[in-house]
């Protein structure tokens, strides 16, 4: 259970308010661009700060520095270090400071085959396609096994087919992990329909409480209907 | 929510380095000020030195700028075979040991040089390379290429649409495009060269001298080495600092050191004529740069193998000093780049305004009561060279550090990397290229240094440039040209090895 209690994040003359709870599973964060979708994720990750409290299962995490938070994050780009091999990049989810042990190596190999990258352990990111890079980043998030995963449009640079493939892969892997709370920013409502259990609507400085995906799209409120209309 | 963004770079080493730089620049200045004998009034000779220092720097800077205009214009609008090589060559004087270039210029423009041979053949009076002319000539040799590159950047920054627009309107390109660009770039270029020429001790040492052509720095050197008049040396060092401080303050803000050479690979397409003029400008500039270096290679290669053992020993000392200095400078630059901030910005530019002779005088005054300065000649040279090269190396490394932080800082933080892991696994591997380039610059600059070493060294601490100076002073020109070639090869080899080492197998 991830709780936002009277959270208010200000950046310049922009501010975002959030006051709700989300449950485990996949929660999509949608809304017009510039509304503050990424800001909400950055608040959970600890990159922006403001008054209020963010709690995981009743324990405050907002007082911790980014490194100490129980969070894995996938960014829009630069999710892999170009000078490290796939194995090393994914291994960062387990251990940061030195070479992996034999058991850890085996874990990396296992998770790589889970995301369909078997045999590519020793490649550098530049030798992977865009989709494969996304898979490697997802593998690291899986391996890290944090209770919160934040996905800031990590697949937005992929073509529509590849993106759906990645979303399904995420559904099959990350979303299966017990007690994992996944917040995923997307500007495409069909992504939310495809894999999200619930949706947070962010607009005009307010992140609304999550609503079950099916219910929301079956009977959208006026502001969302307007947004969906714009999306065609 | 108390935590704000990512502070993953270690900061304390940068603080230590900034302190060290401030101590070496401002601290040595205090040592000089404490020792200066203010009751001794500046004599006529001192005033002559001040006048000579300022006037030669002014004329050198003006000539460098004036000559650079046609050359850079020609390079900007002509595409020809060897253009890239010529532009690279324009960057070479920055790394070229001063005394090597001076010897090359003497071989071309000196009494027995080819230029005077031609003049004699034409029945014209011969010219002398020593004194005011020679100092200006050497300064133009070093700085005209620098200004050319600066203006060339200006040319290439003009959008090509503007040249097309001017051509279609049949408008005067000079008044419409060239003059505003030059008015933007030339003042700062002039000031940079002026500042460099105020502090170029090695040129004054080799081509100046005598009552008519002594710079303040040369006067400091003579007061310390020949008269052992510490009070006077300190007073002159204060004067030199004053002159440089005024020039640096004026230059401050409008300028920054530029050593990278990206984006020179295209020519501006324009529709005005002047082909003959351009060919002439490019040929003369190329000749001016290539002839002296060609003479060194030509005359030096026969003398290279018959060099005396003491020259090889001096060369070994030079390499050791250069490598240590480069390592120290690179570590310092890295520490400063990781810290960033205002203190670092000051520490990063302060050495640009610091004269190595003033620094050296200060260090001399500090160590002299305790230990013979000659014993410390090599460590002192290493330290001062590292500090003086710092702005250039910092300039090579700092933007890359900023980019690593902005690209991967959040990822590193969200992976909970410690500062050590971040530094060793992410920053250092990704910085290999800039670090190699910076280390190469620092090594080459230190290799060719003829500043502090001349203040401190005895025979037992002689470096290769100092040995060359001794040979030239004894008119052993064959041996000197052999040593010059050796120095030239070693400087550029050191640079090449470092730069290459940073680029091989770099997956970036």
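The values are calculated or read from the model by the stated rules, or taken from the named source; none is laboratory data. Since this is a predicted model, take the numbers as computed values, not measurements. Counting neighbours? That spans all protein chains shown, and the Cβs are built from the backbone with ideal geometry, glycine included.
Evaluated against (1) within 11 Å of another protein chain (Cβ to nearest Cβ); (2) surrounded by 23 or more Cβ atoms within 10 Å (Cβ to Cβ), residue B:454 falls short on exactly one condition, (1). Given the structure, is residue A:10 assigned to a strand (DSSP E or B), surrounded by fewer than 20 Cβ atoms within 10 Å (Cβ to Cβ), more than 8 Å from chain B (Cβ to nearest Cβ) and at pLDDT below 90? Yes: the conditions hold for residue A:10. The numbered conditions (1) farther than 30 Å from residue B:480 by Cα; (2) in contact with a helix residue (DSSP H, G or I) (Cβ under 7 Å, 6 or more places away or on another chain) are all true for residue B:157 except (2).
Any idea which residue in segment A:93-119 is farthest from residue A:164 (Cα to Cα), counting only those that are in a loop (DSSP other than H, G, I, E, B) and either more than 14 Å from every other protein chain (Cβ to nearest Cβ) or touching a strand residue (DSSP E or B) at 6+ places or on another chain (Cβ under 9 Å) (or both)? Only one residue tops the list, namely A:101. May I ask you to list the residues in segment B:416-438 that are within 15 Å of residue A:88 (Cβ to Cβ) and more than 8 Å from every other protein chain (Cβ to nearest Cβ)? Across segment B:416-438, the qualifying residues are B:422, B:424, B:428.
Within segment A:74-86, at least one residue is touching a strand residue (DSSP E or B) at 6+ places or on another chain (Cβ under 7 Å), in a loop (DSSP other than H, G, I, E, B) and not assigned by TED's automatic domain parsing to the domain that holds residue A:40.
Looking across segment B:398-414 at every residue that is without any contact (Cβ under 8 Å) to a residue 40 or more places away in the chain and in contact with a strand residue (DSSP E or B) (Cβ under 8 Å, 6 or more places away or on another chain), the one that is farthest from the other protein chains (Cβ to nearest Cβ) is identified as B:411.
Of the residues contained in segment B:225-239, none is found to be buried (at least 18 other Cβ atoms within 10 Å of the Cβ) and closer than 27 Å to residue B:66 by Cα. Only residues that are at pLDDT 85 or above and closer than 14 Å to residue B:393 by Cα were counted across segment B:323-345, and they come to 14. Each residue in segment A:43-88 was checked for being within 15 Å of residue B:409 (Cα to Cα), at pLDDT 90 or above and either out of contact with any helix residue (DSSP H, G or I) (no Cβ under 7 Å at 6 or more places or on another chain) or more than 10 Å from chain B (Cβ to nearest Cβ) (or both), and 0 pass.
Residue B:366 meets each of the listed conditions (1) modelled with pLDDT under 90; (2) over 30 Å from residue B:91 (Cβ atoms) apart from (1). On inspection, residue B:414 qualifies as closer than 30 Å to residue A:152 by Cβ, crowded, with 23+ Cβ neighbours inside 10 Å and either modelled with pLDDT under 90 or not assigned by TED's automatic domain parsing to the domain that holds residue B:201 (or both).
Quick one: in segment B:467-508, of everything that is within 14 Å of chain A (Cβ to nearest Cβ) and surrounded by fewer than 18 Cβ atoms within 10 Å (Cβ to Cβ), which residue is nearest to the chain's Cα centre (by Cα)? Across segment B:467-508, the extreme among qualifying residues is B:503.
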